[in-house]
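Heads up: the structure comes next, in structure tokens.
The values are calculated or read from the model by the stated rules, or taken from the named source; none is laboratory data. If you're wondering where the values come from, they're calculated on a predicted model, not measured in any experiment. Cβ sites come from the backbone with ideal geometry, for glycine too, and all protein chains shown count toward neighbours. What goes into the accessible areas is simple: the full protein's heavy atoms, side chains included, and nothing from ligands, DNA or RNA. Shrake-Rupley method; radii C 1.70, N 1.55, O 1.52, S 1.80 Å.
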Amino acid sequence: MRLPHRVAFPATLLLVLSSGAVTAADMPPTLGAHVFLGQGEGLGVTPATTAPVDTQVSGSVFIAFNAGYASNDATPRDTYGNRWKPLGRAQTYANYGDRFTVQGYVVTDGKGGASHSVSIDKRGEPRGELSLPFVEVRHGTRVAAVARSYADGALQVASDTVTVNGPATFLAFWWGDGGVKRMTVSPGDGFQLIDAFVTLPDESGVQGAVAWRQVEAAGTYRVHWTVAPVQGAALWLIAIQ
């Protein structure tokens, strides 16, 4: 609300207000824009490009995943020319030979703005299934920790644990390996589902889900996923500070 021009504050009060100002650098990380692209088998196009979202001009960490054919292993690119780095190594899906993998990528100190999208060139299988989530964490500066695991099929699967020394934004990714086209997936432990591709086209696709949680204190955290029908999954838990 704009104050009327006739209102004046004493100089001493102005000094107190200005000295207590909070800058962007002082703000804790928090969830920003996010989107999930799911291309069905035989329905895909190249490049695979997410819908545009509005991100911060600067001061964000970006996370993206490329899940699908191992031959479509190009590094993501985006409309603001950020440099995407692998978040560890690719995970091969169980029970499909070496045909399918999922790989995470990260940008720190990312550049962003209006109509921000991420693309992946599909060099191996242009029409093949591919899933691509893109998540922004605002006011983040680094990936503090990553836990990656592969869970055998069960009604409830658990990620490995991650320990942080203070406030953090957690992103959790579930990548199911079942040969099913309709499923339910829900996170526990205080995590909230933000994106999912779990109702697949008849031609099939790569199922996935994304959840987040904000924590204010140091500690050790994990996430449990409840899934039906039962299937195994590649799991990531990422802490951003």
Fill in the blank from the handout: When restricted to Asp109, Asp73, the only residue outside any loop (DSSP other than H, G, I, E, B), in contact (Cβ under 8 Å) with a residue 24 or more places away in the chain and either over 15 Å from the mean Cα position of the chain (by Cα) or under 22 Å from Asp202 (Cα atoms) (or both) is Asp109
Practice task
Within the range 85-99, track down each residue that is open to solvent by less than 60 Å² (accessible area, probe 1.4 Å) and touching a Phe, Trp or Tyr at 6+ places or on another chain (Cβ under 8 Å).
Solution key: Leu87, Gln91, Thr92, Tyr93, Ala94
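This table checks each residue for (1) small (Gly, Ala, Ser); (2) touching a helix residue (DSSP H, G or I) at 6+ places or on another chain (Cβ under 8 Å); (3) under 24 Å from Arg213 (Cβ atoms).
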position	(1), (2), (3)
Lys111	no, no, no
Lys122	no, no, no
Gly128	yes, no, no
Ala144	yes, no, yes
Ala151	yes, no, yes
Practice task
Report, ordered by the first and then the second residue, all pairs with beta carbons closer than 6 Å, sequence separation of six or more or different chains, a first member in the range 48-67 that is modelled with pLDDT of 95 or more, and a second member that is among the polar types (S, T, N, Q) and open to solvent by less than 30 Å² (accessible area, probe 1.4 Å).
Solution key: Ala48/Gln39; Thr49/Ser117; Thr49/Ser119; Thr50/Ser117; Pro52/Ser117; Asn66/Gln103; Ala67/Ser131
Completion exercise
Going through (1) within 19 Å of Pro28 (Cα to Cα); (2) open to solvent by less than 10 Å² (accessible area, probe 1.4 Å); (3) touching a Phe, Trp or Tyr at 6+ places or on another chain (Cβ under 7 Å); (4) of a type outside the set (Asp, Glu) one by one, Ile240 fails only at (3)
Exercise for the section: Would you check if there is a residue in the range 76-96 being part of a strand (DSSP E or B) and at pLDDT below 95? Expected result: yes
Handout entry: Scan of the range 192-216 for residues that are among the polar types (S, T, N, Q) and assigned to a strand (DSSP E or B), ordered by number
Key = Gln192, Thr199, Gln214
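Is it the case that Ala172 is on the phi < 0 side of the Ramachandran plot, open to solvent by less than 10 Å² (accessible area, probe 1.4 Å), part of a strand (DSSP E or B) and out of contact with any helix residue (DSSP H, G or I) (no Cβ under 9 Å at 6 or more places or on another chain)? Show your work before the answer.
On the way: on the phi < 0 side of the Ramachandran plot: yes; open to solvent by less than 10 Å² (accessible area, probe 1.4 Å): yes; part of a strand (DSSP E or B): yes; out of contact with any helix residue (DSSP H, G or I) (no Cβ under 9 Å at 6 or more places or on another chain): yes.
Against the criterion (on the phi < 0 side of the Ramachandran plot, open to solvent by less than 10 Å² (accessible area, probe 1.4 Å), part of a strand (DSSP E or B) and out of contact with any helix residue (DSSP H, G or I) (no Cβ under 9 Å at 6 or more places or on another chain)), Ala172 qualifies.
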Exercise for the section: Could you tell me whether Asp189 is in a loop (DSSP other than H, G, I, E, B), open to solvent by 10 Å² or more (accessible area, probe 1.4 Å), touching a residue at least 60 places away in the same chain (Cβ under 8 Å) and over 19 Å from Phe100 (Cα atoms)? Expected result: no
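Any residue that is in a strand (DSSP E or B) and on the phi > 0 side of the Ramachandran plot - is there at least one of those in the range 217-231?
Checking the range 217-231: at least one residue is in a strand (DSSP E or B) and on the phi > 0 side of the Ramachandran plot.
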Problem - So Val102, is it under 15 Å from Gly88 (Cβ atoms) and open to solvent by less than 10 Å² (accessible area, probe 1.4 Å) - result: yes
Practice task
Mind listing whichever residues of the range 198-228 are crowded, with 23+ Cβ neighbours inside 10 Å and farther than 20 Å from Val106 by Cα?
Solution key: Gly205, Val206, Gln207, Val223, Trp225, Val227
Practice task
Filter the range 118-142 for residues that are open to solvent by less than 40 Å² (accessible area, probe 1.4 Å) and out of contact with any Ser or Thr (no Cβ under 7 Å at 6 or more places or on another chain) and give the result.
Solution key: Ile120, Gly128, Leu130, Ser131, Pro133, Val135
